[in-house]
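The values are calculated or read from the model by the stated rules, or taken from the named source; none is laboratory data. Just so you know, these numbers come straight off a predicted model, no measurement behind them. Cβ: placed from backbone, ideal geometry, glycine included. Neighbour counts: every protein chain shown. Accessible surface is based on the protein model in full, side chains and every heavy atom, while ligands, DNA and RNA are left aside. Shrake-Rupley method; radii C 1.70, N 1.55, O 1.52, S 1.80 Å.
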Amino acid sequence: MNSKKHLGHTARKRFGQNFLHDTQVIESIVAAIYPQRDQFLIEIGPGLGALTEPVAEQIDHLTVIELDRDLAERLRHHPFLHQKLRVIEQDAMQFDFAALYQEQNLAQKGQKLRVFGNLPYNISTPLMFHLFQFHQLIQDMHFMLQKEVVKRLCAAPNSKAYGRLSVMAQYFCRVMPVLEVPPSAFKPAPKVDSAVVRLIPHAKLPYPVKDLYWLNRVCSQAFNQRRKTLRNALSSLFSADCLSALGIDANARAENLSVADYSRLANWLADNPP
Ligand code: SAM
């Protein structure tokens with residue numbers, strides 16, 4: 001039976017609530033995160049605490065961001081963790097991670113934020129884009145996502161899964177798949193397979209752009225018409241001659257370009273806006 005009730009809480013669909021209950025999967029995720037006592041970890045969407053409890057047991061202090069008021073309240077009164085937990089009842093997509101980094105004096109301590117969570121699937125992509133803004137302040141991120149999204153995040157050029165999300169994620173981070181997780185590991189079981197991914201922000205961006213707007217714009221335009229040649233898909237931004245002067249084959253398609261190629265195109269647009 002795919003019950004919506006777990007540990008006395010009825011899962012709310014609008015908050016993307018699928019609670020982990022498979023202890024082996026939970027152990028593997030915590031082992032992948034590898035929390036260390038002196039580190040600053042922050043969990044997004046702690047829910048009923050499936051990851052919160054084993055992680056908090058290994059460290060002195062854990063900050064969690066939970067949007068569901070009932071779940072936040074429950075965590076505040078957690079029988080044995082409440083003194084270790086700081087519960088922030090907020091939408092993680094609006095959360096200012098830079099303010100937290102400053103408030104915790106992490107720069108002085110030579111530390112960065114470590115972020116993890118079994119993310120609500122309906123907001124996972126915009127949430128990652130929100131987090132990418134803080135890439136310089138983040139040591140690493142471990143997220144449970146839809147398996148398809150993990151495939152896209154990790155995809156290399158010349159593959160079907162390679163798209164705007166791959167380019168943007170790999171622009172900011174090294175991305176690697178960690179673990180595949182079946183629906184049966186959750187209550188209620190989601191309809192799709194899941195996977196855990198590790199994202200490690202680059203210490204120095206390998207292909208920095210002058211203005212992210214243009215990277216987003218050129219990727220969106222190319223991948224929104226991924227069957228077209230770049231000559232056609234990008235005709236409003238570049239002439240075919242300009243593409244070849246930038247080392248891009250005008251007859252190639254969006255999926256054939258590397259992150260370095262997209263970054264070169266974005267930098268040319270920053271200097272030569274259409
Ligand atoms: N971590 C728990 C687990 O693994 O069992 C719960 C995971 S559940 C997939 C997602 C959690 O994120 C829920 O607790 C949900 O209430 C919370 N959530 C949903 N949207 C959120 C948001 N915008 N900001 C913070 N938390 C959110």
- [ ] For residues that are open to solvent by 70 Å² or more (accessible area, probe 1.4 Å) and within 12 Å of the ligand (Cβ to nearest atom), tally how many sit in the range 53-69.
- [x] 2
TODO: May I ask you to verify whether residue 115 is buried (at least 16 other Cβ atoms within 10 Å of the Cβ) and over 30 Å from residue 256 (Cα atoms)?
DONE: yes
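Let's see how each residue does on (1) open to solvent by less than 50 Å² (accessible area, probe 1.4 Å); (2) modelled with pLDDT under 95; (3) basic (Lys, Arg):
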residue: 93; (1), (2), (3): no, no, no
residue: 98; (1), (2), (3): yes, no, no
residue: 111; (1), (2), (3): yes, no, no
residue: 134; (1), (2), (3): yes, no, no
residue: 145; (1), (2), (3): yes, no, no
residue: 148; (1), (2), (3): no, no, no
residue: 152; (1), (2), (3): no, no, yes
Task: Residues located in the range 193-225, provided they are open to solvent by 60 Å² or more (accessible area, probe 1.4 Å) and either among the polar types (S, T, N, Q) or modelled with pLDDT under 95 (or both) - done: 224
Task: Flag if residue 33 is modelled with pLDDT of 95 or more, more than 18 Å from the chain's Cα centre (by Cα) and among the β-branched types (Val, Ile, Thr) - done: no
Open item on the list: For the range 70-110, which positions are among the basic types (Lys, Arg) and more than 11 Å from the ligand (Cβ to nearest atom)?
Closed with: 76, 84, 86, 109
